[in-house]
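Asker: Here it is: the structure, laid out below.
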Amino acid sequence: MNGVVILTIMILVSLLNMISVLLIILLERTRMIGLLKALGMGNGAIQRIFLIRSSYIVARGMLWGNIIGIGLCLLQKYTGLVKLNETGYMLSEVPISLGLGWLAALNVGTFAILILLLTVPTRVVSRIEPDKTIRYQ
């Protein structure tokens, strides 16, 4: 039960961090969004630009997270680096089981949930008015 609570909190924190990063990117590019709208680009196309950019950031973070996480798991599996108290746990070291199916499902699910969730902040694009963003420099 503790593991589920900790994982839920970690997922919520990561989702909130990704939303805040995308909002910061959107707010930094307000003038560019106004200019693109003034040139005739629609809200959907601008939203897709920011979703593609954020999916690149998510994919890069997941790649590095997988490299580090799988590396640590393999290190533990083949070296037994982390030892346990045998009297309390009845094991001498932390066991590791790597299932490629679970790992792939976790990565695909995480990516899909993050991209779906990141569509919400891109709705800010529809509220940006080109005349106000271009007028003030």
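Computed from the coordinates by the stated procedures, all read-outs in this text should not be read as laboratory data. Remember, predicted model here, so these are calculated numbers, not experimental data. Neighbour counts are summed over all protein chains in view; Cβ atoms, including those assigned to glycine, are modelled from backbone coordinates with ideal geometry.
Asker: How large are Rg and Dmax for the chain when calculated on the C-alpha trace, in angstrom?
Answerer: My reading of the Cα-based Rg and Dmax gives 21.4, 72 Å.
Asker: Membrane-span-like helices in the chain: DSSP H runs reaching 20 Å or more (Cα, own axis), mean Kyte hydropathy at least 0.0?
Answerer: On the way: long enough: 2-28 (39 Å, 2.40); 43-79 (53 Å, 0.71); 100-118 (27 Å, 2.22).
For the chain, where a helix must reach 20 Å along its axis and average at least 0.0, the hits are 2-28, 43-79, 100-118.
Asker: Now for a separate question. Can you tell me what the convex hull of the Cα atoms of the stretch 33-95 projects to on average, as an area in nm²? Spell out each step's value before the answer.
Answerer: Details: hull surface 26.8 nm².
It is 6.7 nm².
Asker: Give the long-range amide H neighbours of Glu93: residues separated by 5 or more places, or on another chain, with amide H under 5 Å away, using H modelled in the peptide plane at 1.01 Å from N.
Answerer: Under 5 Å from the amide H of Glu93 lie the amide H atoms of Leu84, each far enough along the sequence or on another chain.
Asker: Only residues of the stretch 49-65 count here: report those whose backbone N is under 13 Å from the spot 7 Å along Cα→Cβ of Thr119, or say none.
Answerer: Within reach of a label on Thr119, which here means backbone N under 13 Å from a point 7 Å along Cα→Cβ, the stretch 49-65 contributes 51-52.
Asker: Related question: At what distance in angstrom do the alpha carbon centres of the stretch 107-132 and the stretch 20-69 lie from each other?
Answerer: A separation of 8 Å, based on Cα centres.
Asker: Using a Förster distance of 30 Å, how high is the FRET efficiency between Val21 and Arg135, based on the Cβ-Cβ distance and rounded to 0.05? Intermediate values should be presented prior to the final figure.
Answerer: On the way: r = 28 Å, r/R0 = 0.92.
The formula returns an efficiency of 0.60 here.
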